[in-house]
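Working notes, beginning with the structure itself.
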Amino acid sequence: MSTHKIIFGAGCFWGVEATFRSNKGVTNVTCGYSGGHIANPTYTAVCAGTTGHIEVVLVEYDDDEISLEALLNEFWNCHDPTTQDRQGPDIGEQYRSIIFYFTPEQERSARESKDRLEISRRWQDPIVTQILPASQFYDAEEYHQNYFAKRGVMFK
């Protein structure tokens with residue numbers, strides 16, 4: 001088994017977590033916060049928009065069972081990457097579309113994937129997704145983890 005990790009931000013982390021958790025080869029998904037300028041942010045502070053953090057999910061995966069390309073496709077399909085700081089009813093920089101990579105290969109794959117989508121004109125508007133090196137990841141509070149499953153909500 002060859003385990004890797006990547007961080008995705010695509011709006012409220014509850015739905016994003018459920019989306020990735022349902023994929024064979026994904027070994028763990030953790031809701032959390034990245035990209036901000038304070039240590040140990042809380043949900044309340046992140047939602048207030050004062051920390052610079054983004055609601056994200058840390059996806060751990062076995063690349064013998066699921067490819068990075070498949071995960072990137074899941075990412076592009078689970079949100080609208082053309083809306084700046086907004087996903088559905090969620091508005092604010094904490095909901096922006098972002099990929100935090102850990103390796104040069106992940107960066108290259110993410111950029112190539114984004115380029116292919118822009119060329120395809122799948123979306124009329126430009127893709128605003130940021131692709132940045134992974135920064136400090138902070139676990140979200142326990143009640144955010146596996147949110148839908150804890151409430152009996154079936155997803156996907």
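The values are calculated or read from the model by the stated rules, or taken from the named source; none is laboratory data. Keep in mind the model is a prediction, meaning the values are calculated, not measured. Cβ placement follows ideal geometry from the backbone for every residue including glycine, while neighbour counts extend to all protein chains displayed.
Which one of these does Pro89 not meet: (1) within 18 Å of the chain's Cα centre (by Cα); (2) closer than 27 Å to His4 by Cα; (3) free of Cβ contacts under 8 Å to residues at least 24 places away in the same chain?
With (1) within 18 Å of the chain's Cα centre (by Cα); (2) closer than 27 Å to His4 by Cα; (3) free of Cβ contacts under 8 Å to residues at least 24 places away in the same chain applied to Pro89, the lone miss is (2).
For the stretch 1-56, what are the residues that are of a type in the set (Ser, Thr, Tyr), in a strand (DSSP E or B) and closer than 19 Å to Ala149 by Cα? Give the derivation first.
First, the residues of the stretch 1-56 that are of a type in the set (Ser, Thr, Tyr): 2-3, 19, 22, 27, 30, 33-34, 42-44, 50-51.
Narrowing the set further to residues that are in a strand (DSSP E or B) leaves 3, 27, 30, 33-34.
Matches in the stretch 1-56: Thr27, Thr30.
Assess whether Glu69 counts as being surrounded by 23 or more Cβ atoms within 10 Å (Cβ to Cβ), under 23 Å from Pro133 (Cβ atoms) and modelled with pLDDT of 95 or more.
Values: surrounded by 23 or more Cβ atoms within 10 Å (Cβ to Cβ): no; under 23 Å from Pro133 (Cβ atoms): yes; modelled with pLDDT of 95 or more: yes.
No, not satisfied.
How many of the residues in the stretch 92-119 are at pLDDT 95 or above, more than 13 Å from the chain's Cα centre (by Cα) and of a type in the set (Val, Ile, Thr)?
Number of matching residues: 1.
Just the residues that are exposed (fewer than 14 other Cβ atoms within 10 Å of the Cβ) and hydrophobic (A, V, I, L, M, F, W, C), please, taken from the stretch 1-50.
Correct list: Met1, Ala39, Ala48.
Every residue in the stretch 109-125 that is farther than 22 Å from Asp63 by Cβ and of a type outside the set (Val, Ile, Thr), please.
In the first step, residues of the stretch 109-125 are kept if they are farther than 22 Å from Asp63 by Cβ; the result is 118-125.
The answer is Glu118, Ser120, Arg121, Arg122, Trp123, Gln124, Asp125.
State all residues of the stretch 57-80 that are under 15 Å from the mean Cα position of the chain (by Cα) and either assigned to a helix (DSSP H, G or I) or among the small types (Gly, Ala, Ser) (or both); if no residue qualifies, say none.
As a first pass, look at the stretch 57-80 and keep what is under 15 Å from the mean Cα position of the chain (by Cα): 57-61, 68-80.
Once the filter is applied, which keeps residues that are under 15 Å from the mean Cα position of the chain (by Cα) and either assigned to a helix (DSSP H, G or I) or among the small types (Gly, Ala, Ser) (or both), the stretch 57-80 yields Leu68, Glu69, Ala70, Leu71, Leu72, Asn73, Glu74, Phe75, Trp76, Asn77.
Do we find that Ile131 is modelled with pLDDT under 95, out of contact with any Ser or Thr (no Cβ under 7 Å at 6 or more places or on another chain) and farther than 16 Å from Trp14 by Cβ in this structure?
Values: modelled with pLDDT under 95: no; out of contact with any Ser or Thr (no Cβ under 7 Å at 6 or more places or on another chain): yes; farther than 16 Å from Trp14 by Cβ: yes.
So Ile131 does not fit the description; no.
Do you know which residues across the stretch 52-61 are within 17 Å of Ile91 (Cβ to Cβ) and either surrounded by fewer than 22 Cβ atoms within 10 Å (Cβ to Cβ) or of a type in the set (Lys, Arg) (or both)?
Matches in the stretch 52-61: Gly52 only.
Within the stretch 73-103, how many residues turn out to be among the small types (Gly, Ala, Ser) and under 20 Å from Asn23 (Cβ atoms)? Steps first, answer last, please.
Kept after step one, since they are among the small types (Gly, Ala, Ser), are these residues of the stretch 73-103: 88, 92, 97.
Adding the requirement that they be under 20 Å from Asn23 (Cβ atoms) leaves 97.
Counting residues in the stretch 73-103 that are among the small types (Gly, Ala, Ser) and under 20 Å from Asn23 (Cβ atoms) gives 1.
All but one of (1) in a helix (DSSP H, G or I); (2) exposed (fewer than 15 other Cβ atoms within 10 Å of the Cβ); (3) not polar (S, T, N, Q) hold for Leu117; which doesn't?
Unmet condition: (2).
Go through the stretch 1-30 and report how many residues are farther than 17 Å from Asn77 by Cβ and under 9 Å from the mean Cα position of the chain (by Cα).
So the count comes out to 1.
Filter the stretch 73-86 down to the residues that are within 15 Å of Ile6 (Cβ to Cβ) and touching a strand residue (DSSP E or B) at 6+ places or on another chain (Cβ under 8 Å), then identify the one that is surrounded by the most Cβ atoms within 10 Å (Cβ to Cβ). Can you show your working first?
First, the residues of the stretch 73-86 that are within 15 Å of Ile6 (Cβ to Cβ): 73-76, 78.
From what is left, the residues that are touching a strand residue (DSSP E or B) at 6+ places or on another chain (Cβ under 8 Å) are 75, 78.
Numbers: Phe75: 25, Cys78: 18.
My answer is Phe75.
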